[in-house]
1. Under the √(5λ) rule applied to the eigenvalues of the Cα gyration tensor, what semi-axes describe the equivalent ellipsoid of segment 9-58? Give them in Å, descending.
2. Between residue 90 and residue 51, how high is the FRET efficiency from 1/(1 + (r/R0)^6) when r is the Cβ-Cβ distance and R₀ = 35 Å? Nearest 0.05.
3. Report the gain in length on full extension from residue 7 to residue 41: 0.36 nm times residue separation, minus Cα-Cα distance, nm rounded to one decimal.
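Read-outs: derived from the displayed coordinates by stated rules, not from any lab. Since we're looking at a predicted model, the values are computed, not measured. Virtual Cβ from ideal backbone geometry, glycine too; neighbours counted across all protein chains shown.
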């Protein structure tokens with residue numbers, strides 16, 4: 001009789017991260033923590049598949065160069081901090097009070 005997998009992908013990600021951080025092989029970690037090694041391997045594959053499909057969805061279509069590279073900030077973003085955009089060698093600093101509709105229009109123009 002098959003046992004139903006009741007863990008969510010987020011729960012598996014937590015276990016995968018813990019196994020990776022332990023320095024043990026995945027199989028050793030699973031044995032020590034009472035986790036089915038094959039279930040863990042399946043979760044790793046599903047996690048990778050989901051990550052790659054998310055990356056594909058955000059990539060520009062073939063032959064189209066992205067107009068802006070977005071990189072996560074190393075520091076927390078403060079709600080009242082200005083937004084700084086580096087675009088084609090030009091640095092734009094936009095105050096936090098700048099209207100969202102104006103920012104959307106600006107980004108639309110830069111995309112052309």
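1. Details: eigenvalues 103, 21, 14 Å².
Each semi-axis is √(5λ); the values are 23, 10, 8 Å.
2. 0.60
3. On the way: separation 34, 0.36 × 34 = 12.24 nm, distance 1.35 nm.
10.9 nm is the gain from fully extending residue 7 to residue 41.
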